[in-house]
Amino acid sequence: MSLVGRAALLLALAAAVYGIYAALRARQPGQGLWQRSAEGAVYGVFGLTSAAMATMWLALLTDQFELRNVAEYTSSSLDWWFKISALWGSQAGSLLLWAWILTGFSAAVVYLNRERNRELMPVVVAVLMGIAVFFTFLLSFISSPFETLATVPEDGRGLNPLLQNPYMVIHPPLLYLGYVGLGVPFAFAMAALVEKRLDNEWISSVRTWTIFAWGFLGIGILLGSRWAYEELGWGGYWAWDPVENAAFMPWLVATAFLHSVMVQERRGMLRIWNMSLIVLTFSLALFGTFLTRSGIIASVHAFGESTLGVWFLVFIAVVMGGSVALIIARLPLLRSSHSLESFISREAVFLYNNLLLIGLAFAVFWGTIFPVISETARGTRITVGQGYYDQIAMPIGIALLILTGVGPLIPWRKASLDALRRRFLIPLGITAVAAVLLALFTPAWDNWAAGLVFASAAFVFSCISSEYWRGIKVQHALGGVSWPGALLRLFAKNRRRYGGYLVHLGIVVLFIGFAGSTAFTTSGDLVLNQGQRGEVAGLEFEYESSLRERDEHRGTVGVNLRVFEDGDQIATMKPRTNFYFADEQRSTEIAIRSTPQRDIYIVLVGLSEGGVARISVFVNPLVMWIWIAGVIIAIGTTIAAWPRRRREEPVTADRREKTAAGS
């Protein structure tokens, strides 16, 4: 299996190099044969990396412990789905997954563009194959997943207990689908620069790719938060960990691109800005991959130290240097055809949105790399705490939330005071009522930031709902459909717009979950003998019984707790701790009772031989809404990214100018 896997990766590397050569030859006029050959090479590279993936998965499933990756990350007793996910539990295996997804996306790009974008495709193929060369080179010569051991063990060490979680089966592949998917718009952007085809056609070609990559990355981040919430036992879901930040930064910049690109399509503006954003987005995706593999940061999510960091830094420098040089060379062709006419217009709101998103991304980037900079400059690693991020993210987040509601209601070019009054009168009235109700019946304003988030959420919800209502009324007035049918017709006719609004509603729900759980969490520690009760946040916890179990692989201790509220039992909860003998590791099984109002979250800290239990209790309000928001965002993203019929393509500024010139 080692020979088969290594051979497949070496052949994939050779085919990718050939694909670059053939694609560059295809740029010359009348070289259709070379273009077909280059595109055939893309399919070949995908087939070969698929063979390597299949070989690796077969080795994992059949316990081929002569391979280091199998011996160090699986065992014969491991469930088959965790054996499959063990592939991305290792550094080399995760690189193989990166390469496989990349080549699969490359093959899909070639297939979907077999009859369009023919002028761009040679450079698109060359760029995608250039990225493939980098990863297949690393897999072939620097970090091979098919490395063998001199002495074959009888059994493997097993998978880290923290990774034996269903979310870790799904979370890394989704993140990689996002990271790698961002390479497709980057390739089209480079092709547009090289071929001097800087109208909006390249944007139309990558819109769906960008939305899906953004969606995969966002849902992957949320699933990672869910994993941290369930596995790490600290009561939270986001700690501004460097690897969390590594995924968050490209998501922020991609969000900025998805908004600003609408300004280019509609008004022919921000062309240089959009090119810069897509380069920065892909570079940050590579930077995130670098962070987890370089060993320069300490994180529960990161791999150990390796020699891969230097290779990634060089590759990132090549990507950014080449891209910036191309943008500078094409500056005369990237000038905007229009200018900003008013600071109160939809394009201005998108610009404010972009500046806030990029500002937040830069702040996160600075906080992430500051420990490395401080160690290099002063010899002392200074870690940036959560307070730094919270102080920056809170005001920027609230401003972004408000703009989410403002943007859809403001017209393009210039807004009159009368139009603003008509559009915002009802949403502002609803916001005022919501603020009063929050003050009278909830503790929302006990924390001013949380209160502002809840009031802003009411404003945004009313703004977006008014847009839906206007659209539904129009569709219903056309006749032939019910009110629910009018909503479905609305989505069918303009998926991108109303799917985007659904994503915005998901963001509103997300902020509500963040604000509630951050501002109003209550926690406490209890030490209980069997039969005793303790109180945290108005809830009583009775230690009913204990559990001690042991098999050949692990030992388990746990307690059964009865939970009471106002004298009535509302739950029985069973926190556990496992100890794995093979690698001498512990894992915590959190007990969570989740409702829309709050999560009761219990961690078993320790159980003495005498039966004394030490537990930590967290009462986290509104956390469930974070996960509900993820579902709403996923649905909205799918609707917005669903391919359009040709006749549904929006009329852009470039297309209007071409039509006018032709007539």
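The values are calculated or read from the model by the stated rules, or taken from the named source; none is laboratory data. From a predicted model like this one, the values you see are computed outputs, not experimental measurements. Counting neighbours? That spans all protein chains shown, and the Cβs are built from the backbone with ideal geometry, glycine included.
Below are the figures for this structure:
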quantity: Top-ranked residue in region 623-645 [being farther than 13 Å from GLY506 by Cα and crowded, with 22+ Cβ neighbours inside 10 Å; ranked as farthest from the chain's Cα centre (by Cα)]; calculated: VAL623
quantity: From VAL631, VAL617, residue being of a type in the set (A, V, I, L, M) and in a strand (DSSP E or B); calculated: VAL617
quantity: Among residues of region 612-633, those that are under 17 Å from LYS574 (Cβ atoms) and in contact with a Phe, Trp or Tyr (Cβ under 9 Å, 6 or more places away or on another chain), counted; calculated: 5
quantity: Long-range neighbours under 9 Å by Cβ, at least six apart or interchain, first residue of a type in the set (D, E, K, R) within region 438-465, second buried (at least 19 other Cβ atoms within 10 Å of the Cβ); calculated: ASP446/ALA519; ASP446/PHE520
quantity: Residue within region 114-130 that is within 18 Å of PHE290 (Cα to Cα), at pLDDT 90 or above and touching a helix residue (DSSP H, G or I) at 6+ places or on another chain (Cβ under 9 Å) present; calculated: yes
quantity: Where a residue in region 473-498 is surrounded by 15 or more Cβ atoms within 10 Å (Cβ to Cβ) and its partner, wherever it lies, is β-branched (Val, Ile, Thr), with Cβ under 8 Å and at least six apart; calculated: GLN475/VAL481; ALA486/ILE472; LEU487/ILE472; ARG489/VAL481; LEU490/ILE472; PHE491/ILE639; ARG495/ILE639; TYR498/ILE639
quantity: Unique match (being in contact with a Leu (Cβ under 7 Å, 6 or more places away or on another chain) and hydroxyl-bearing (Ser, Thr, Tyr)) among SER456, SER462; calculated: SER456
quantity: Inter-residue pairs, beta-carbon under 8 Å, first farther than 23 Å from TRP251 by Cβ and in region 181-195, second outside any helix (DSSP H, G or I) and β-branched (Val, Ile, Thr), 6+ apart; calculated: none
quantity: Contacts under 7 angstrom Cβ, first residue in region 44-62 being within 17 Å of THR103 (Cα to Cα), partner surrounded by fewer than 22 Cβ atoms within 10 Å (Cβ to Cβ) and not acidic (Asp, Glu), 6 or more apart; calculated: PHE46/GLY104; PHE46/ALA107; LEU48/LEU11; THR55/MET1; THR55/VAL4
quantity: Among the candidates GLU265, GLU230, residue that is acidic (Asp, Glu) and either at pLDDT 90 or above or not in a helix (DSSP H, G or I) (or both); calculated: GLU230
quantity: Number of the condition not met by GLN31 [criteria: (1) touching a residue at least 12 places away in the same chain (Cβ under 8 Å); (2) touching a Lys or Arg at 6+ places or on another chain (Cβ under 9 Å)]; calculated: (1)
quantity: Single condition ARG413 does not satisfy, out of (1) charged (D, E, K, R); (2) loosely packed, with under 13 Cβ neighbours inside 10 Å; (3) under 24 Å from ARG497 (Cα atoms); calculated: (2)
quantity: Any hit, region 568-586, residues being within 27 Å of LEU159 (Cβ to Cβ), under 27 Å from the mean Cα position of the chain (by Cα) and crowded, with 16+ Cβ neighbours inside 10 Å; calculated: no
quantity: Hits in region 524-542 - residues which are touching a residue at least 24 places away in the same chain (Cβ under 8 Å), touching a strand residue (DSSP E or B) at 6+ places or on another chain (Cβ under 6 Å) and under 15 Å from ARG593 (Cβ atoms); calculated: VAL536, ALA537, LEU539, GLU540, PHE541
quantity: Which numbered condition PHE216 misses (of (1) part of a helix (DSSP H, G or I); (2) more than 30 Å from HIS338 (Cα to Cα); (3) of a type outside the set (A, V, I, L, M); (4) more than 17 Å from the chain's Cα centre (by Cα)); calculated: (4)
quantity: Subset of region 404-431 [hydrophobic (A, V, I, L, M, F, W, C) and over 34 Å from the mean Cα position of the chain (by Cα)]; calculated: ALA415, LEU417, ALA419, LEU420, LEU425, ILE426
quantity: Test: residue in region 430-448 that is charged (D, E, K, R), assigned to a helix (DSSP H, G or I) and surrounded by fewer than 15 Cβ atoms within 10 Å (Cβ to Cβ); calculated: yes
quantity: Leading residue by the ranking (surrounded by the most Cβ atoms within 10 Å (Cβ to Cβ)) among those in region 66-105 that are farther than 20 Å from THR49 by Cβ and of a type in the set (S, T, N, Q); calculated: THR74
quantity: Enumeration of residues in region 118-151 that are of a type in the set (A, V, I, L, M, F, W, C) and either without any contact (Cβ under 8 Å) to a residue 40 or more places away in the chain or part of a loop (DSSP other than H, G, I, E, B) (or both); calculated: LEU120, PHE141, PHE146, LEU149, ALA150
quantity: Residue count, region 28-58 (criterion: surrounded by fewer than 18 Cβ atoms within 10 Å (Cβ to Cβ), in contact with a helix residue (DSSP H, G or I) (Cβ under 9 Å, 6 or more places away or on another chain) and more than 23 Å from ALA7 (Cβ to Cβ)); calculated: 5
quantity: Test set (1) exposed (fewer than 14 other Cβ atoms within 10 Å of the Cβ); (2) part of a strand (DSSP E or B); (3) at pLDDT below 90 - GLU552 fails condition number; calculated: (2)
quantity: Residue satisfying all of: in region 537-549; assigned to a strand (DSSP E or B) and among the hydrophobic types (A, V, I, L, M, F, W, C); surrounded by the most Cβ atoms within 10 Å (Cβ to Cβ) among these; calculated: PHE541
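Okay, residues lined up against (1) surrounded by 12 or more Cβ atoms within 10 Å (Cβ to Cβ); (2) modelled with pLDDT under 65; (3) not assigned by TED's automatic domain parsing to the domain that holds ASP241:
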{"site": "LEU291", "(1), (2), (3)": "yes, no, no"}
{"site": "SER299", "(1), (2), (3)": "yes, yes, no"}
{"site": "ALA302", "(1), (2), (3)": "yes, yes, no"}
{"site": "GLU305", "(1), (2), (3)": "no, yes, no"}
{"site": "LEU308", "(1), (2), (3)": "yes, no, no"}
{"site": "LEU313", "(1), (2), (3)": "yes, no, no"}
{"site": "ILE316", "(1), (2), (3)": "yes, no, no"}
{"site": "ILE328", "(1), (2), (3)": "no, no, yes"}
{"site": "PRO332", "(1), (2), (3)": "no, no, yes"}
